[in-house]
Amino acid sequence: MFGTRTLSFVILCIALAGCGGGSTGSKATASKVPTLGTAYPIPSNQRGWGKVKPTEVYNGGDQTGLVGHIVWTSWGGPRAVGHGAGFYEAPDVDVAGSVLAEATIVAFHLGRCDGRRAYTAVEWYFPNKNQSFTPDTYETTCGGFGYYPPLGS
């Protein structure tokens, strides 16, 4: 009834979950996985925002806005926790004096950004520098970069 080529095509289509009409399975599943806020155009060299489990987060400013080599130990729940390396700026030391240190990054406040499920807040801290997670001070990740509470308040 079917030729070998036709049968192979049918099997391939079934394996790929649909032909031509568009697969909703993987897109529906992907849209349920939260991103780290949304990407925003300024500064243009920012990285990690709008991604799922980014291995690097960078605000695009000085080095203290960078956490790299992130390995996430959780993602998708109320809090996502990762471990990596960032630049620690000690009290009374300027940015140029910041040093590379182990960092813990926490994404939280699950919500929506640009219609997608996303973590709308993130904070990183340096446990080896006697810092800990403080959910009342964070960077906003949805609709542009900012701090909460606003700097200077």
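Observations on the model:
- Filtered by the rule that a residue be in contact with a strand residue (DSSP E or B) (Cβ under 8 Å, 6 or more places away or on another chain) and not basic (Lys, Arg), segment 78-89 gives PRO78, ALA80, VAL81, GLY82, HIS83, GLY84, ALA85, GLY86, PHE87, TYR88.
- Failed item, numbered, when ASN128 is tested on (1) in contact with a Phe, Trp or Tyr (Cβ under 9 Å, 6 or more places away or on another chain); (2) at pLDDT below 95; (3) not in a strand (DSSP E or B): (2)
- Test: residue in segment 64-72 that is modelled with pLDDT of 50 or more and over 30 Å from GLN131 (Cα atoms): no
- Residue that is surrounded by the most Cβ atoms within 10 Å (Cβ to Cβ), among those in segment 94-125 that are part of a loop (DSSP other than H, G, I, E, B) and over 18 Å from the mean Cα position of the chain (by Cα): SER98
- Scan of segment 27-79 for residues that are among the aliphatic types (A, V, I, L, M), in a loop (DSSP other than H, G, I, E, B) and under 19 Å from GLY146 (Cβ atoms), ordered by number: ALA39, ILE42
The values are calculated or read from the model by the stated rules, or taken from the named source; none is laboratory data. This is a predicted model, so every value here is computed, not measured. Ideal geometry is used to build each Cβ from the backbone, glycine not excepted, and the neighbour counts take in all protein chains shown.
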